1. Neighbouring Cβ atoms within 10 Å as the yardstick, rank 339, 136 fewest first.
2. What is the packing order of peptides 139-146, 49-56, taking the mean over residues of other C-beta atoms within 10 Å and listing the highest first?
3. Rounded, prolate or oblate: which fits the range 256-297, taking a ≥ b ≥ c as square roots of the Cα gyration tensor eigenvalues, rounded meaning a/c under 1.5, else prolate when a/b beats b/c?
4. Which of the three applies to the range 41-93, rounded, prolate or oblate, going by the alpha-carbon gyration tensor with a ≥ b ≥ c and a/c under 1.5 meaning rounded?
5. Could you tell me how many degrees, from 0 to 90 and to the nearest 10, lie between the Cα long axis of helix 105-118 and the main elongation axis, the longest principal axis, of the Cα atoms of the chain?
6. Would you kindly state how much longer the chain becomes between residue 446 and residue 317 on full extension, computed as 0.36 nm times their sequence separation minus their alpha carbon distance, in nm to one decimal?
7. Tilt of helix 120-139 relative to the longest C-alpha principal axis of the chain, in degrees (0 to 90, nearest 10)?
8. Only helical DSSP H runs with n ≥ 4 go in: add -39500 (n - 2.57) per run for the chain, normalise by residue count and round the 222 nm mean residue ellipticity to 500 deg cm²/dmol.
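Derivation of every value follows stated rules applied to the coordinates shown; laboratory data play no part. Computed from a predicted model, the values in this text were never measured in an experiment. Ideal geometry is used to build each Cβ from the backbone, glycine not excepted, and the neighbour counts take in all protein chains shown.
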Ligand SMILES: Cc1cc2nc3c(=O)[nH]c(=O)nc-3n(C[C@H](O)[C@H](O)[C@H](O)COP(=O)(O)OP(=O)(O)OC[C@H]3O[C@@H](n4cnc5c(N)ncnc54)[C@H](O)[C@@H]3O)c2cc1C
């Protein structure tokens, strides 16, 4: 089933739901007119449909592998990378001084999402590179920026991020990789990193690793970590890839899915690296890359949801089973329930993702602290809800296919296997939820409260047109506000953490209701109003149970001790 890029959906969301006109109205992004947006989305969509989507099965059937220590990528991936690079899609939001297009993150996020739908395992390569570009733009010295950014933005070189070690997963501060200063201002990096996505490839002239390591005088924990740029090949005097650095891919992981993306165990043996940011300031620098990647991974979930939905819909329109008006399964009530749920959640998660990107763009364009707080608040929600919707939609997509969903040829199972990791990497979804109720509520819940005020004001204004839907959204927002206030009043963090995951999900449900209501207002009597009615009537009420769960506190969670869990 060929992929069809949902360009009109983005255009509708930009215009009527997430307020992209505010971004285009800033001096920084004034070039992002509706015509330019349309041209970019159409062009990128075409590349995704024609070049990337046909590679999806290749990655699954012919995984990346090591051949005598040399990494070989899946058939067609080199050409796919070239098409992405030549289209300028890697450096879309990159600084024009270094060859980037300087476009809003909202556009990059949409293009990334389309690429994820078309071929997730290949898309992870430009995504990692984009994160590195942003980290270098913000934190690297001018010399490093001048040397590396043009090559990363053009796709001549690729970038990776190296945090994880066997004993340091979610607990990044437990890492043991070492950095020792050399006499010439560089550093010798030694250690092992695991699970490094696209740790190598056979289609770029260099692979640049951003590596977290500890200097000899670095304090234990996250405070003592520094960030280093460690290229596979050391640049020569002309800035070209020169002699090999002291690092290698030791092995590749055998995974449940995402086979086209090589997940590498990397060994650094006194490899030459350059400091990025300040000594011991590695986490702050890496957070730039991680926040970029979190939004990107949320988009991966939404993209896969789109791909899985399109597959399931096409199957339901063809499969004949039982007596229905059309003769196909699409007219069975339960199949309708599945498809409409998929479509409604896809819309909600995409709107949340783009609203987060709009906040990031507004922060970039205005430097306004409220926009920065909005972006920070929405990032864990966009990552978590986007990936949950990706997994749930892919899972439902398998169900719509019946037995054929379990048979690999249809591709339904691949979506499910590939997308599963998105809830795990870039900080597990549990860690994201903890971030929401802890760091993102350090302002006493002010940023959340401001957003809830806006949602309620919007619902108030919608009452005249859609009284029932507006009331439901208003009530849900009020309940979310009460739970937010309860959470913020908890000084024992475990009380907050115990309910973090259901709280985040309820927040996403309410945001989804808000965005569906906006869509209904812009499409009265149309399909978007009907979809909004489905979501607000049948899916938004989920927030009630979630918020009750969120306020139940920690004691019940720990009531069963470890022995009783094992009994
Ligand atoms: C395919 C793939 C690609 C990856 N790519 C990269 C990459 O490019 N670069 C990179 O650096 N890493 C990468 N990772 C690593 C990934 O980011 C980690 O797997 C992830 O952060 C979780 O760490 P962990 O696997 O050690 O799990 P653990 O940290 O051991 O977590 C196990 C469970 O415990 C929970 N948990 C842990 N700590 C807490 C806590 N404090 N509070 C509550 N719950 C907690 C987790 O949520 C999880 O459910 C990749 C992983 C995979 C599988």
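1. The fewest-first ordering by Cβ neighbours comes to 339, 136.
2. 49-56, 139-146
3. In terms of gyration-tensor shape, oblate.
4. It is oblate, given that a/c is not under 1.5 and a/b is not larger than b/c.
5. Between the helix axis and the principal axis of the chain, the angle is about 90 degrees.
6. Numbers: separation 129, 0.36 × 129 = 46.44 nm, distance 4.71 nm.
Difference between extended and current length: 41.7 nm.
7. Value to nearest ten degrees: 70.
8. Mean residue ellipticity, 222 nm, calculated: -17000 deg cm²/dmol.
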